[in-house]
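Below is one structure, written out as structure tokens, with a few remarks after it.
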Amino acid sequence: PHSHIIHPDTSREDDMTLEREDDDILLESYDAFENICFISQQYETPLNPTGCIFQFVIRSSWGDPFYVGLNGLQLFDESFQPIKLSLSNVDANPRDINTLPEFKSLPPSEQDPRTLEKLWDDVNDTFDDAHMWLTPLAS
């Protein structure tokens, strides 16, 4: 394989040969990249990935050890058109904090408003809880 490199310091373009060794792709030594650590990739990333299922695994939050939240989720098709999201094609586990015992027993009017469907309500730039999703951080 061959890789096209643009040098960050000079905007000069060069070609760089890749070598395959033990199923890992290793870059040939190159002076401009002498102090950069390369991590070998054990698969080839497709140019335009496609699929029927996208799975996001959230492993940490920005400091909260118990909960994680998002303001929105947007996916686009190959024509850069938004994909319509709904409860029929989006799921989460755990779904939201209303699955916790202390919320589950409450009537719906008293449950937490930060539910899964808020991810696609098109109000993403907000601090309003009514347009956010919150779920326990699974361990």
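Condition first: part of a helix (DSSP H, G or I) and surrounded by 11 or more Cβ atoms within 10 Å (Cβ to Cβ). Can you find one or more residues in segment 58-72 that meet it? No, segment 58-72 has no match at all.
Among the residues of segment 32-57, those that are at pLDDT below 65 and either of a type in the set (Asp, Glu) or open to solvent by 100 Å² or more (accessible area, probe 1.4 Å) (or both) comprise Glu34, Asn35, Cys37, Phe38, Ile39. Screening the candidates Ile83, Ile97 for the property of being touching a strand residue (DSSP E or B) at 6+ places or on another chain (Cβ under 8 Å) and open to solvent by less than 50 Å² (accessible area, probe 1.4 Å) yields one hit, Ile97. For the criterion of being at pLDDT below 90, open to solvent by less than 80 Å² (accessible area, probe 1.4 Å) and β-branched (Val, Ile, Thr), Thr17 passes.
The values are calculated or read from the model by the stated rules, or taken from the named source; none is laboratory data. Since this is a predicted model, take the numbers as computed values, not measurements. With ideal geometry, Cβ positions are generated from the backbone for all residues, glycine too; neighbour counts draw on all protein chains shown. All accessible areas refer to the heavy atoms of the entire protein, side chains included, with ligands and DNA or RNA removed. Shrake-Rupley method; radii C 1.70, N 1.55, O 1.52, S 1.80 Å.
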